[in-house]
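Participant: I'd like to ask you about the structure that follows.
Nothing in this text is a laboratory measurement; each read-out follows from the coordinates by a stated rule. Given the structure is predicted, the values throughout are model-derived calculations rather than measurements. In this analysis, Cβ positions are derived from the backbone assuming ideal geometry, glycine residues included, and neighbour counts consider all displayed protein chains.
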Amino acid sequence: MFDIIIIGAGPAGLTAAIYARRAAKSVLVLEATAYGGQIINTPDIENYPVAAHISGFDFATKVYEQAKALGAEIVFEKAVEIEDHGTEKAVITAKNRYIGKALILATGSENRKLGLEKEDSLVGRGVSYCATCDGAFYRGKKVAVVGGGNTALEDALYLADLAESVTLIHRRDSFRGEEGTVARLKEKPNIHFMYNSNVTKLLAEKRLTAIEVTDRNGAVTELAVDGLFIAVGRIPENQNFAALIRLDEAGYIQAGENCHTNLPGIFTAGDNRTKEVRQLVTATADGAVAATEAVKYIAALS
Amino acid sequence: MAIIPVTYEHFEEEVLKSDLPVLADFNADWCGPCRMLAPILEQIAEERSDCKVVSINVDDESELAEQFEVSSIPCVVLFKGGKEAARSVGLRPKEALEGLLGEN
Ligand SMILES: Cc1cc2nc3c(=O)[nH]c(=O)nc-3n(C[C@H](O)[C@H](O)[C@H](O)COP(=O)(O)OP(=O)(O)OC[C@H]3O[C@@H](n4cnc5c(N)ncnc54)[C@H](O)[C@@H]3O)c2cc1C
């Protein structure tokens, strides 16, 4: 049995692991994909105190190594279900069942999909949700980015320096992203814009070969591309806990600054809870609070 | 088993002549996604006795990278009986890498 099981090795979960280990608790962190969470999507973080410039990968790797060095056990398995048995909580994965005294749910958010046929099977074969991870595979190639927020704009800028051409497809006629970024985009000669348009079909053989784009008037164009980067927002990853944990209408875990959920001994941290500001500094702050609350809860058990 | 670092000199012996299937991780120190993939591969290496995991640094072993046409990393190549049986490019979850072993 572990003292604390943390679900999610993003900034919130790994910070919780650091605090829990420094309080001498045994810690298991379960991670569904790779450590680091969504911050690996950005090539440059400029707003985290002390680190004026740091890449998402470096940030993720540093916090991972810090948690690991303090003795947190990190296992790459996805939590598919949780159970509350009072003083014991269970986390179920495809292969194992882990028992802990307290749980911290730090599952962040996941990429929203377009919902097109073949979208899942083409991931890694031309479809990507992470320009900084996969951009290098498209050096000299033709790519498209779909979305209109900051992530889509930054992806397009990043890819413009690698790819031959970047087509930015947005369903509205103007961008929601920061104005400075929009201005920089318009200066790049190899970025093309398609406004008032949606991606409506993925064409593929073994890999993605083209996409079908439909505009507001129903006009359909086929665009030959080697890669499509999807940046249409993120949704909280709490479906697996919905049976026990109270969520709001948008799917976020209902919790205040103390990171308590509706169940004693089950805490939340980071982007997956109801809050105003979803950033690294608030995710790591939550990690510290949730771990401290979990330690207090465990102390009160005995 | 731990991950075995492999150089050009030992490649034939460790990979091509291996009795077990080999997952060869082509990586580099400067490659962020490669660093993130490493602990996942480490876990596969520790958990499974039916395969071997080796690590090849493409900067130091450019002959090997060229020979196997590894142009983008991270790239994990599955070798079976001295031949490439499958490959996975990019940062992929553990199941995808285990899937390589399962399907091939
Ligand atoms: C493109 C982009 C740029 C950004 N830039 C900045 C910036 O410059 N500055 C800033 O402060 N913030 C930035 N952010 C926001 C910041 O990344 C997030 O606020 C932060 O990562 C939230 O951390 P988290 O740990 O709560 O969640 P996440 O980072 O989402 O991590 C959650 C982790 O949990 C895992 N997980 C989910 N479900 C399960 C499960 N069932 N079982 C096991 N594991 C699971 C996920 O795989 C993931 O690794 C950016 C975000 C994006 C997308």
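Participant: Taking +1 at the Cβ of each Lys and Arg and -1 at the Cβ of each Asp and Glu, which of B:ASN27, A:ALA231, B:LEU100 sits farthest along the dipole of the protein assembly as shown towards its positive end, judged by Cα position relative to the Cα centre?
Facilitator: Going by the Cα projections, it comes out as A:ALA231.
Participant: Can you tell me which of A:180-188, A:266-274, B:14-22 comes out highest on packing, and rank the rest after it, using the mean Cβ neighbours within 10 Å?
Facilitator: A:266-274, B:14-22, A:180-188
Participant: Within 10 Å of each Cβ in A:136-142, how many Cβ atoms from other chains are there, averaged over the peptide?
Facilitator: 2
Participant: Okay, moving on. Which net charge results for the neighbourhood of A:LEU208, defined as the other residues with beta-carbon distances under 15 angstrom from its beta-carbon, given Lys and Arg at +1 and Asp and Glu at -1?
Facilitator: 0
Participant: Run through the DSSP bridge list for the range B:4-103 and note the antiparallel percent, rounded to the nearest 5.
Facilitator: Roughly 60 percent of the beta bridges in the range B:4-103 run antiparallel, per DSSP.
Participant: How about the range A:162-224: which chymotrypsin sites (Phe, Trp or Tyr not before Pro) there lie in a loop by DSSP and see at most 15 other Cβ atoms within 10 Å?
Facilitator: Those that pass, being in a loop and sparsely packed, are A:TYR195.
Participant: Also, quick follow-up: Kindly express, to the nearest 10 degrees and within the range 0 to 90, the angle between helix A:150-160's C-alpha long axis and the longest C-alpha principal axis of chain A.
Facilitator: Long axis of A:150-160 versus the principal axis of chain A: about 60 degrees.
Participant: Looking at the square roots a ≥ b ≥ c of the eigenvalues of the Cα gyration tensor of chain B, which shape do they give, rounded for a/c under 1.5, prolate if a/b is larger than b/c, or oblate?
Facilitator: Note, shape of chain B comes out rounded.
Participant: Between B:GLU66 and A:THR87, what is the FRET efficiency for a Förster distance of 51 Å, r being their Cβ-Cβ separation, to the nearest 0.05?
Facilitator: 0.30
Participant: Another question, if that's okay. So if I place +1 on the C-beta of Lys and Arg and -1 on the C-beta of Asp and Glu, and nothing else carries charge, what would the dipole magnitude of the range A:127-230 be about its Cα centre? I want it in debye, nearest 20.
Facilitator: About 120 debye.
Participant: Still on this model: Projected area of the range A:127-230, taken from the Cα convex hull and averaged over every viewing direction, in nm²?
Facilitator: One quarter of the hull surface, i.e. the mean projection, equals 6.0 nm².
Participant: Over all residues in A:201-214, what is the mean tally of Cβ atoms on other chains that come within 10 Å of each residue's Cβ?
Facilitator: Partner Cβ neighbours, averaged per residue: 0.
Participant: Taking the DSSP beta bridges in the protein assembly as shown as the whole, what percent of them are antiparallel, to the nearest 5?
Facilitator: DSSP beta bridges in the protein assembly as shown are roughly 50 percent antiparallel.
Participant: Step through the residues of the range B:79-92 one at a time and calculate ³J(HN,Hα) from phi using the Karplus curve (6.51 cos²θ - 1.76 cosθ + 1.60, θ = phi - 60°), rounding each to whole Hz and writing x for Gly and Pro.
Facilitator: Per-residue couplings from phi come out as 9, 9, x, x, 10, 5, 10, 5, 8, 10, 10, x, 7, 10 Hz.
Participant: Here's another thing I want to ask about it. Using θ = phi - 60° and the Karplus form 6.51 cos²θ - 1.76 cosθ + 1.60, what ³J(HN,Hα) does each residue of the range B:42-50 get, whole Hz, x for Gly and Pro?
Facilitator: So the J values, rounded to whole Hz, are 4, 5, 4, 4, 6, 7, 10, 9, 9.
Participant: Could you work out, residue by residue across B:26-37, how many beta carbons of other chains sit within 10 Å of that residue's beta carbon, and then give the average as an integer?
Facilitator: That average works out to 4.
Participant: Run the helix sum for the protein assembly as shown: -39,500 (n - 2.57) per DSSP H stretch of 4+ residues, divided by residue count, reported at 222 nm to the nearest 500 deg cm²/dmol.
Facilitator: Calculated at 222 nm, the ellipticity per residue is -8000 deg cm²/dmol.
Participant: A:GLU81's amide H: which non-local residues (gap 5+, or another chain) put their own amide H closer than 5 Å, with H modeled 1.01 Å from N in plane and none for Pro or chain starts?
Facilitator: Under 5 Å from the amide H of A:GLU81 lie the amide H atoms of A:ILE92, each far enough along the sequence or on another chain.
Participant: Show me the GluC sites (Glu not before Pro) within the range A:83-130 that DSSP assigns to loop and that have at most 12 other Cβ atoms within 10 Å of their Cβ.
Facilitator: Listed in order of number, the matching sites are A:GLU117.
Participant: Could you derive backbone 3J(HN,Hα) for the range A:81-97 from the dihedral phi with the Karplus parameters 6.51, -1.76 and 1.60 (θ = phi - 60°), listing whole Hz in sequence and x where the residue is Gly or Pro?
Facilitator: Listing the rounded values in order: 7, 10, 10, 10, 10, x, 6, 10, 10, 10, 10, 9, 10, 4, 10, 9, 10 Hz.
Participant: Right, here's the next one. So if I place +1 on the C-beta of Lys and Arg and -1 on the C-beta of Asp and Glu, and nothing else carries charge, what would the dipole magnitude of the protein assembly as shown be about its Cα centre? I want it in debye, nearest 20.
Facilitator: 1080 debye
Participant: Same structure again: Kindly put A:TYR129, A:TYR48, B:TYR8, A:TYR64 in sequence by how many other C-beta atoms sit within 10 Å of each C-beta, fewest to most.
Facilitator: Ordered by Cβ neighbours within 10 Å, fewest first: B:TYR8, A:TYR48, A:TYR129, A:TYR64.
Participant: Ratio of Rg to Rh for chain A, alpha carbon only, Kirkwood?
Facilitator: 1.02
Participant: Still on this structure: Cα axis of helix A:280-301 to longest principal axis of chain A: angle in degrees, 0 to 90, nearest 10?
Facilitator: Its long axis makes an angle of about 20 degrees.
Participant: Just need log10 I(q)/I(0) for the range A:1-160 at q = 0.09, 0.10, 0.19, 0.20 Å⁻¹, Debye formula, equal scatterers on the alpha-carbon atoms, no solvent, rounded to two decimals.
Facilitator: -0.37, -0.45, -1.17, -1.23
Participant: Around A:LEU185, with a cut-off of 11 angstrom between Cβ atoms, what is the net charge of the other residues, counting Lys and Arg +1 and Asp and Glu -1?
Facilitator: Taking every Cβ under 11 Å from that of A:LEU185, the sum is -2.
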